[in-house]
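First the structure, in the form of structure tokens, and then the observations on it.
The values are calculated or read from the model by the stated rules, or taken from the named source; none is laboratory data. On a predicted model such as this, the values are computed, not experimentally measured, just so you know. Virtual Cβ from ideal backbone geometry, glycine too; neighbours counted across all protein chains shown.
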Amino acid sequence: MLIGRNTYDVVLGFEDWPYGEMPVFVLSTRPLAPAPPGAVVERLEGPPVDRLIVTRVPVLIGRGIPLFAALSRDIALHHVATRTYASGLVQSEYLVATSGQLPPLTAEALQVTPRFT
């Protein structure tokens with residue numbers, strides 16, 4: 001699971017750690033507050049990301065944390081798959097272009113594994 005620093009700071013305030021034993025990578029240029037006991041958290045300073053999975057929850061809120069900060073340039077994405085779940089979650093998966101070029105689509109690149117049931 002890859003989350004941003006603002007999201008990490010918010011979920012630290014939750015009574016229970018929402019990610020269980022799933023490893024969580026936090027994109028941040030600043031040191032992180034300690035993770036809760038049992039949480040597996042690592043800080044990343046912006047590694048290349050080649051695949052992006054965005055999960056949307058069917059709840060409208062009045063405020064929130066932006067998914068992305070301002071970008072200095074457009075980043076091309078190639079849609080791989082969109083999955084829907086009985087709970088109403090919608091999850092879309094994309095390949096991320098590097099150096100302005102999308103990677104070649106291969107059967108291996110398009111293999112999709114459901115993350116939720």
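Here are L27, L71, L12: which of them is over 21 Å from S87 (Cα atoms), surrounded by 13 or more Cβ atoms within 10 Å (Cβ to Cβ) and either touching a Pro at 6+ places or on another chain (Cβ under 8 Å) or in the same structural domain as S92 (by TED's automatic domain parsing) (or both)?
L12
Got a number for residues in region 44-62 being over 14 Å from the mean Cα position of the chain (by Cα) and modelled with pLDDT of 80 or more?
Matching residues across region 44-62 total 5.
Report, ordered by the first and then the second residue, all pairs with beta carbons closer than 7 Å, sequence separation of six or more or different chains, a first member in region 71-90 that is among the basic types (K, R), and a second member that is not in a strand (DSSP E or B).
Pairs that qualify, where the first residue is among the basic types (K, R) and the partner is not in a strand (DSSP E or B), are R83/P114.
Out of region 77-101, which residues are exposed (fewer than 13 other Cβ atoms within 10 Å of the Cβ) and either modelled with pLDDT under 75 or assigned to a loop (DSSP other than H, G, I, E, B) (or both)?
Within region 77-101, A86, S87, G88, S99, G100, Q101 meet the criteria.
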